[in-house]
């Protein structure tokens, strides 16, 4: 019997040792990956989105667009002021509203409302939107992001909690909350 | 002295590092590489070490919490003795590092140092460049102010455009549903542990290869690189005609390193630290976010690309550039090294430099952005109102009230998003003006719903007065003809 084909006792133990380490590493990878992806998995369970009150309906004059503030529903202790969020509330008439995210649909810079020219304008790359949020000009490919909203007991409430981004919010525009109909 | 030698010997009998260090220091280099062109690599290393040192100093005070980061930066700027100077050194050090790494890369490329057998050194260098840019972006995030906050928003908006995986990438990047505490914490981990750790490892390998493969010899036009003969030729250049790196070549590196450190310190002293700008409070929307200078070209590009091209350009462009850089030493691994015989290489470098320079310059004054304060700041200049009728003056009022000058300049004041209006009457007829105002088009919003017919009439009447003296306003010749035919018909009917 030649030595070349023989598996030595120590060689076998070394291979078993490597295999053992591989198994332990795989087992440890499971909690590490779950820890790293917690921000994604949490979003899937719907922990981020909830209904947030913006204020009483009569705080928003008919025919005007006003800036409103709300606190993001999902808060961590170190968040500080970053959970305070602004949005544009347009009261069309009666209890007909539109609530827009301040984030430009191009790259997320904060758009400002100019009542005189009736336009939302973005300071970063010059995106402009009409009063109903539809795209007017500039680099955005779509209109402003709209939060689903409902009016109950004279209170206007929106469904919020996630940063509106062009990729994530394709489906958001124009969706109505199930209780609105 | 003898005691010192004995102590040194005691350590070296145990460490046994003196001989390998001496070998590295005195390794022979080609004589003509002792040039001022060869100092940028060591300068990049010097600034990297400066960043490590100043970064550790900043970490003594800085708090990576969205609640406290901005306050701790204020404390560094105002309360801690010379905290402002350490911040300024770190900020200017980052600017210098990006610039020196780029210069080093251009020099290496123009001197053909990426060719055989130094392909892997170049590839590691490409990764070092990407990590340097990663440090620059993550460092800008740690300066947690309004620019950092909205810069993260821009990053998230770009990342979200990746097909299918976009929303997942955004949540991984932000560490949650919005830009908040977890976002800052993970960028802190990236900036302070992950990327620097990788940088140290890659720099060590990069340097090891410089020592093992030798410094690139001065490129001579006509001396071609061939895989079969190059190693022997280089051996002759170094072993037979070379000189030891220390002290023959290193003194220039030492002088330049000290000069760069002085330059960083001078900038830090004179210009001071960067920011922080306003508090990272998302409810403050009166802000014009702008990236640091090395990303300004991208900022300009994003506003000038046609909307339909933007997502492909953002997602595919960087991948192509990185693949191109990584493949470069394999596509041109042999042949001519000297830039004097590589016109396409020189032109490519010039073209890229001009493109980046032009975009950076454009981003400096942002002609595409509306002037957000034009409403209160820029009244219609008096010279445009002299000798006008009441209707035309009413039109000037409409122009002012409807904030047309957010985008159009008049008398060289106002936005540059749309064309200047000083001589608009020469370009557009009355009908065209009415159509443009009401329907918009060519990147102008439509104002039909926002102007009453009377306002439109007044505005167009004013716009029609805007032409240089001695130049007649544009008019529709067919309309004149139609009107005169109409008159002729009426006259014949009267007869």
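The values are calculated or read from the model by the stated rules, or taken from the named source; none is laboratory data. On a predicted model such as this, the values are computed, not experimentally measured, just so you know. Methodologically, a virtual Cβ is constructed for each residue, glycine included, from the backbone with ideal geometry; neighbour enumeration extends over all protein chains shown.
Conditions (1) crowded, with 21+ Cβ neighbours inside 10 Å; (2) closer than 24 Å to residue B:322 by Cα, marked per residue:
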| site | (1), (2) |
| --- | --- |
| B:37 | no, no |
| B:75 | no, no |
| B:80 | no, no |
| B:104 | yes, yes |
| B:119 | no, yes |
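Each row is one residue, and each column tells you yes or no for (1) away from chain A (no Cβ under 14 Å); (2) free of Cβ contacts under 8 Å to residues at least 40 places away in the same chain; (3) more than 15 Å from residue B:394 (Cβ to Cβ).
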{"site": "B:434", "(1), (2), (3)": "yes, yes, yes"}
{"site": "B:438", "(1), (2), (3)": "no, yes, yes"}
{"site": "B:453", "(1), (2), (3)": "yes, yes, no"}
{"site": "B:461", "(1), (2), (3)": "yes, no, no"}
{"site": "B:468", "(1), (2), (3)": "yes, no, yes"}
{"site": "B:473", "(1), (2), (3)": "yes, no, yes"}
{"site": "B:480", "(1), (2), (3)": "yes, yes, yes"}
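Can you name the number of the only condition in (1) more than 30 Å from residue B:33 (Cβ to Cβ); (2) in contact (Cβ under 8 Å) with a residue 12 or more places away in the chain; (3) in contact with a helix residue (DSSP H, G or I) (Cβ under 8 Å, 6 or more places away or on another chain) that residue B:185 fails? It is condition (3) that residue B:185 fails.
Within the stretch B:54-64, not a single residue is over 22 Å from residue B:258 (Cα atoms) and in contact with a strand residue (DSSP E or B) (Cβ under 9 Å, 6 or more places away or on another chain).
Looking at the stretch B:239-344, the helices (runs of 4 or more DSSP H) lying wholly inside it that each contain 1 or more residues that are closer than 28 Å to residue B:363 by Cβ sit at B:250-271, B:296-304, B:307-331. Of the helices (runs of 4 or more DSSP H) lying entirely inside the stretch B:360-463, those containing at least 2 residues that are within 39 Å of the chain's Cα centre (by Cα) are B:374-377, B:390-401, B:424-427, B:430-439. Given the structure, is residue B:329 surrounded by 14 or more Cβ atoms within 10 Å (Cβ to Cβ), over 30 Å from residue B:124 (Cα atoms) and in contact with a helix residue (DSSP H, G or I) (Cβ under 6 Å, 6 or more places away or on another chain)? No, not satisfied. Each residue in the stretch B:262-284 was checked for being more than 8 Å from chain A (Cβ to nearest Cβ) and crowded, with 16+ Cβ neighbours inside 10 Å, and 9 pass. For the stretch B:285-311, the set of residues classified as over 27 Å from residue B:102 (Cα atoms) and at the interface with chain A (Cβ under 10 Å from one of its Cβ atoms) consists of B:285, B:286, B:287, B:288, B:306, B:307, B:308, listed by residue number.
Here's the yes/no breakdown for (1) modelled with pLDDT under 90; (2) closer than 30 Å to residue B:334 by Cβ:
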position: B:224; (1), (2): no, yes
position: B:229; (1), (2): no, yes
position: B:242; (1), (2): yes, yes
position: B:267; (1), (2): no, no
position: B:270; (1), (2): no, no
position: B:299; (1), (2): yes, no
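Only residues that are under 21 Å from the mean Cα position of the chain (by Cα), more than 17 Å from residue B:156 (Cα to Cα) and in contact (Cβ under 8 Å) with a residue 24 or more places away in the chain were counted across the stretch A:98-119, and they come to 3. When B:215, B:200 are checked against the criterion of being away from every other protein chain (no Cβ under 14 Å) and in contact with a strand residue (DSSP E or B) (Cβ under 7 Å, 6 or more places away or on another chain), B:215 stands alone in meeting it. Here residue B:206 passes the criteria (1) touching a residue at least 60 places away in the same chain (Cβ under 8 Å); (2) outside any helix (DSSP H, G or I); (3) more than 14 Å from every other protein chain (Cβ to nearest Cβ) except the one numbered (2). Report yes if some residue within the stretch B:335-354 is within 14 Å of chain A (Cβ to nearest Cβ) and surrounded by 14 or more Cβ atoms within 10 Å (Cβ to Cβ); otherwise report no. Within the stretch B:335-354, not a single residue is within 14 Å of chain A (Cβ to nearest Cβ) and surrounded by 14 or more Cβ atoms within 10 Å (Cβ to Cβ).
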